[in-house]
């Protein structure tokens, strides 16, 4: 049984990993941020004194989304966390970093972008820049890979701001689905991430970076219409701004060439599964968080 260090185990992706079949197949060590403060170099050094792992799954991040409590030093914090782990690469065999499509520059439309285009530019914001810096370093490290996730949805995400979960929860409280502007995304269902992780845990990657996205691309309005149909909502969908916003989609040819027979869940079936999850946990949803569109 391989021993895996998972950072960010209390976050959306980390929590889904710990609830997945991977937690039965591998010994996953997921220390809390208080037990392993990745920004604190001395703390990380002490942690690795008597610890060795086969794989590090680096899902910890200082977030830059609309619900982030503190966005100060975002770039510094994320880069420092990565380098504090990287400097102990003699203590593990493989490093899998959870990156983002943001390194391509989300300040402009990104349509079917390929990995070969990564370092042609980077965005103006701190999140884009720190993802770029980390990806650039990974290009020169053996047994390190960067997984670029463009959009991801599923259980345990922040339903107050994440669109698909937010729309589902609104229908459960008989509220209208709202969106600021329609946009086209490469949305990955979080369950589909697990076999991809399993492959890279078990196999040496041919490349340093991969777009982790499904075959199907979908716009927010179409996703909203699916949710309305599944829920039976009687409300019209509210769109604040006309026209299409900036596209945020990527190309997954490299990933599919590497993992033979890789399949992705149908997005409507995925949304139906997520709807059932929220419907069975409706008592745990805070309705107040759905009243204000962020």
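Every read-out reported here was derived from the displayed coordinates using simple, explicitly stated rules and does not represent laboratory data. Computed from a predicted structure; not experimentally measured. For neighbour counting, all protein chains shown are included, and Cβ atoms are generated from backbone atoms with ideal geometry for every residue, glycine included.
Tabulated data for the structure shown
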read-out: Neighbour-count order for 225, 126, fewest beta carbons within 10 angstrom listed first; value: 225, 126
read-out: In degrees, nearest ten, helix 163-172 long axis to first principal axis of the chain (Cα); value: 40 degrees
read-out: Cα gyration tensor shape of the range 28-176, rounded if a/c is under 1.5, else prolate or oblate by comparing a/b with b/c; value: oblate
read-out: Candidates 174, 105, 215, ranked by Gaussian network fluctuation over the chain, Cα under 10 Å, top entry; value: 174
read-out: Shape category assigned to the range 237-294 from the gyration tensor of Cα positions, a/c cut at 1.5; value: oblate
read-out: Cα gyration tensor shape for the range 5-100, rounded if a/c is under 1.5, else prolate or oblate; value: oblate
read-out: Candidates 254, 183, 87, ranked by Gaussian network fluctuation over the chain, Cα under 10 Å, top entry; value: 87
read-out: Of 244, 194, 81, the one that fluctuates the most in a GNM where the chain has Cα springs shorter than 10 Å; value: 244
read-out: Taking 58, 235, 88, 140 and counting other C-beta atoms within 10 Å, the order from fewest to most; value: 140, 235, 88, 58
read-out: Label assignment, Cα extents along the principal axes in Å derived from the structure, set (1) 80, 46, 36; (2) 58, 42, 42; (3) 59, 45, 36; value: (2)
